[in-house]
Amino acid sequence: MQLFLRLFGHWVQWAYACFDRVVIQGYLWFFMREENIVFFFRQVCGVPKITREIFLKRSREYQHWVETYAGHQLIPMKWAPPDVRKEDLVQPALRRRQRRGEFGVYYILKSMEQGSTYRIAHLRYATADPNYAMVRRHRGRFTYYYFYILDEVAGPMVLRLGSFLPFAATAYINGHNFIERQLRREGMSHRKEDNAFMQAGDARALQAAADSLDGATIQRRLDYWTLIVGPKFSKKERAACQLHRLWSVSQVEYCLNFIFHRAFPIRELFRRCCELSLGTLTMDRLAHVFGQLKLRRMAGKFSTVVQRLDAARHVMRSYWRHSFVKQYEKASRFLRLEVVCNELQKDFKLNKTLPYWQPMRERLAGIVDRFAGVQAESLNVHGHFDLLAKLASPLTVGKTRIAGIRLDQVRVMRVLEVIVRGLGGHLRRWTARELHGQVLEAFGLKAGRYTLNQLRYDLRKLRAHGLIERVAHTYCYQVSVAGYPQAILMLQLRQRIYGPIASGVLQHRPASDHTPNVPIERAYHKVDQAIDELVELLAA
């Protein structure tokens, strides 16, 4: 990150690092073993024989409670349509809750999905105990409830709960939502677009809010909401079985975000970086990024790809086993570098439970920091800015359409050459009549071949494109600050680069063994040779 800021700090407005999307699985650990299911129903609930109807009874009781809760709280509940994103469906309800400043469940969606549950296995042989039942795990389809919650600490979050034993839970939280809630509680100004902060009154306070997200806070909020909307157990059942959930991270995203002062040059540099990274992000460099040793035999996926999201947006991903790092530009001024991990224990030997949140943060922060250092070298390349196309495009000033400026316009090129040559002396400021005389004298032209009205037309084009400007309260002109390097570049392209190289490639190429021993001619021959090599590579 430090290398990135050292190379591009003059373009970067501010930066922050935080958790993005986090998926956390919650298990009632007592119900994770088959023998505990038998103990719960027979010894705690007093059911002599465990049957499928006993399981269905528990499931129907919870389903009935959810429907009653939604009706009393006036919460909309429906089956999730297959052709609509769940987030898009519930977004209007979330906005209404946020405007009213009310917290709680604001939408419930139902979905029929596969999950792990229990069944009563068929016995091959009769047993001495007529109430004996064999409980086995299996995967089945049953109803899942998606509770969309606006939490006062974590912000918008989703809690997915199964309606069948063992009542598995999945929580979806977002670090950006948590940061936004903290900033609102502190009364700090900020602007959040989609899933990114584009503006903050105090960048250090925003980073402090991001760092305050810890495992204990998440544990408290998830335990609270699973107690509110989760399946109900009596005090006797909770005391006998210690029914509390164990939360573990299933998927985590940690991102490093750079907000630039303006859109240029993010997109062009990002495209060049993607081109270079496809060849330079080898397995050795990925091993350095992820802080691991490259072994001869490793399971997982190892590749670097560039995926097109739409016509104008791309994302680059580099995979390492079950994790990957990605980079993409967003909202014109936003560049994000992100690490996504689906197997913390397999890939990094990290404990997935919430009490070990801080070691996970440190490991992921180190990965994304090294990734930023590697990508800084790839981003430190020449971007692509088509100045010639920009100047050649016509402009509309008021109701007047003004033509563009091209290298083949001899009149405009002559005017620029006279202006640039005279900047150090007599042409720091000039009137149209003074400049007209200088152009005629410099190129030996007669007044009939290049009239004063033609010069005024050319000056209007130069002024419209920002190369020159008019001095206030006078009839004089001067070269603008931004126009001077553009004028130099166009003249050098025409006289020193484009003209001689085009002549050597298309008309006459001087023999390399009989040329004047001057640096510029040797450079031209090197360019001719480089162009030949480039053409051969492109043809291959």
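The values are calculated or read from the model by the stated rules, or taken from the named source; none is laboratory data. Computed from a predicted model, the values in this text were never measured in an experiment. Backbone-built Cβ (ideal geometry, glycine too); neighbour counts: all protein chains shown.
Structure above, values below:
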item	result
Only listed residue being farther than 28 Å from Q219 by Cα, aliphatic (A, V, I, L, M) and either exposed (fewer than 15 other Cβ atoms within 10 Å of the Cβ) or in contact with a strand residue (DSSP E or B) (Cβ under 6 Å, 6 or more places away or on another chain) (or both), chosen from L74, L56	L56
Inter-residue pairs, beta-carbon under 9 Å, first without any contact (Cβ under 8 Å) to a residue 12 or more places away in the chain and crowded, with 17+ Cβ neighbours inside 10 Å and in the range 1-28, second part of a strand (DSSP E or B) and among the small types (G, A, S), 6+ apart	none
Number of the condition not met by G366 [criteria: (1) under 17 Å from the mean Cα position of the chain (by Cα); (2) more than 30 Å from G466 (Cα to Cα)]	(1)
Those strands (runs of 3 or more DSSP E) lying entirely in the range 313-401 with at least 3 residues more than 24 Å from L3 (Cα to Cα) and at pLDDT below 90	395-397
Residue in the range 261-269 that is farther than 13 Å from Q375 by Cα, acidic (D, E) and at pLDDT 80 or above present	no
Number of positions in the range 239-266 that are out of contact with any strand residue (DSSP E or B) (no Cβ under 8 Å at 6 or more places or on another chain) and not in a loop (DSSP other than H, G, I, E, B)	3
Looking only at the range 455-477, and only at residues there that are more than 44 Å from the chain's Cα centre (by Cα) and of a type outside the set (A, V, I, L, M), the one that is farthest from V418 (Cα to Cα)	H473
Residues that are touching a residue at least 40 places away in the same chain (Cβ under 8 Å) and assigned to a helix (DSSP H, G or I), drawn from the range 62-91	Y62, Q63, W65, V66, Y69, K86, V90
Strands (runs of 3 or more DSSP E) fully within the range 128-208 counting 2 or more residues that are charged (D, E, K, R)	134-151, 190-193
